[in-house]
1. Distance from a point 7 Å along Cα→Cβ of residue 152 to each backbone N in the range 82-113: keep the residues under 14 Å and list them by number.
2. Using mean Cβ contacts within 10 Å as the protection proxy, how do 34-40, 213-219, 80-86 order, highest first?
3. For the range 97-270, what is the largest minus smallest coordinate of the Cα atoms on each principal axis, given in angstrom and ordered from greatest to least?
4. With 10 angstrom as the radius, rank 387, 431 by how many other C-beta atoms surround their C-beta, starting from the fewest.
5. How far is the Cα center of the range 503-556 from the Cα center of the range 368-390, in Å?
6. Sorted by packing (mean other beta-carbon atoms within 10 Å per residue), highest first, where do 141-150, 392-401, 439-448 land?
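What follows is calculated from the coordinates using simple rules that are stated; it is not laboratory data. Quantities reported herein were computed from a predicted structural model and do not represent experimental measurements. Please note: Cβ atoms are built from the backbone with ideal geometry, for glycine as well, and neighbour counts cover all protein chains shown.
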């Protein structure tokens with residue numbers, strides 16, 4: 001244990017002790033070089049040299065892994081120092097408390113807060129799982145989650161996180177006593193002989209964490225039971241979500257954290273009260289349709305057949321949706337058509353057309369759409385080509401039109417000066433990857449372009465931070481070229497202008513990076529011209545499109561200047 005005002009590493013002045021564990025003590029320290037506060041964890045020497053080597057190896061792996069991440073919910077590790085018989089880990093100081101501490105002080109938390117935290121955790125886990133080499137956290141539990149005073153979630157302690165698909169498979173390190181995770185929160189497969197882990201392992205642990213936060217009943221001591229058996233006041237819909245996440249069989253759980261997040265966001269739709277209200281709304285529309293059919297049926301003496309037709313005929317409801325001018329009635333009819341024919345993509349395609357007609361895919365629309373597609377995803381996936389087509393169109397809806405609450409709090413990446421664009425791209429990413437995986441899909445090449453652009457924008461900042469971004473820009477440049485060419489062939493102002501602005505932004509931010517990867521000044525100028533021309537030729541019909549077109553036109557000169565500056569050396573000589 002170090003004393004107050006002690007200097008660690010000749011620069012970190014210990015200000016106060018803020019935590020203590022079995023083998024570690026955590027201090028608040030001031031960086032004399034940067035005048036910035038950090039948290040410093042002191043790992044005391046273990047008497048067993050094997051155990052000490054494991055701890056040092058684990059911390060080193062953790063530090064090297066975390067420095068490649070770029071997510072607001074993941075605190076950074078910035079330094080490792082060995083001195084005075086201890087190992088010191090310097091990391092971001094996170095003000096707040098762990099969810100375990102909060103639960104101990106206050107007891108079970110409100111379902112609104114728990115759902116909010118769950119959605120935030122799904123986002124950071126999804127970020128880890130979708131990396132080029134997926135990272136499985138393996139130790140999700142309340143004590144590894146910090147809650148800041150602003151209500152933001154921070155995921156801490158990556159000591160047993162596992163990077164897969166690189167130089168390792170999904171099996172843990174031999175000799176790591178912590179390899180199985182925490183009993184009660186760890187998924188069953190973590191404790192099985194020769195068990196392997198994947199994203200669904202973290203999904204189970206997150207489900208167990210939410211269960212504990214909602215009920216106050218520790219999953220190890222009392223097991224995981226339906227949450228309403230402990231507190232009948234909790235939501236029936238949330239009970240179903242937690243039960244699915246904590247299924248013993250990984251195949252029965254949510255398959256991705258994106259699916260889990262959608263379910264959490266829409267859990268109230270599973271409640272009996274919500275279903276009753278939704279049914280009332282739908283039956284209001286249905287009653288009007290029935291009334292007209294009944295008149296015809298009575299006239300022809302075929303009431304039973306008419307009722308059967310209106311309730312089970314897929315074509316009938318598709319026609320009703322197409323013919324009505326009432327948006328709510330059309331939406332209700334498409335929902336009914338989906339329930340009759342769960343593997344049909346046409347109702348979804350028609351909903352996409354309606355939702356994007358006003359250039360705004362709203363929260364309310366997203367709620368209806370994603371409830372449908374998640375409920376019937378298994379049926380839709382049976383036809384892989386149609387599933388790829390629907391995924392592609394869904395991805396484009398997110399990429400170009402989504403304006404809902406997921407945009408809140410998003411920060412721009414280095415490649416995106418527009419934070420909303422970055423958020424839309426992230427939301428669209430998995431859909432584009434779905435489409436890009438199906439070789440029989442006619443637009444598979446374009447889907448791959450979108451998927452690659454999404455990957456670049458998600459992964460480039462961590463790669464820059466670790467100095468391993470070389471070689472990533474030339475493929476990205478090629479994808480931007482293809483995107484602009486594709487957009488030029490479509491009669492869609494939103495797609496054209498968004499593609500133009502994305503491309504101009506990238507050329508303005510990364511010209512020297514493109515140059516370093518072998519892209520010539522002429523090639524960059526040609527792409528800038530193509531993007532600017534695409535914007536100029538786009539006809540605008542709304543104020544939003546006018547603003548987007550103006551943004552592209554105003555970006556043309558700064559982009560050209562940035563390209564020219566990238567080919568001037570330090571002495572000012574053009575190259």
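1. Once the point is set 7 Å along Cα→Cβ of residue 152, 92-97 turn out to lie under 14 Å by backbone N, inside the range 82-113.
2. Per-residue Cβ counts within 10 Å, averaged per peptide and sorted highest first, yield 213-219, 34-40, 80-86.
3. Largest first, the range 97-270 extends 47, 34, 31 Å along its Cα principal axes.
4. Result, fewest neighbours first: 387, 431.
5. So the two Cα centres are separated by 35 Å.
6. Most protected by this proxy first, the peptides run 392-401, 141-150, 439-448.
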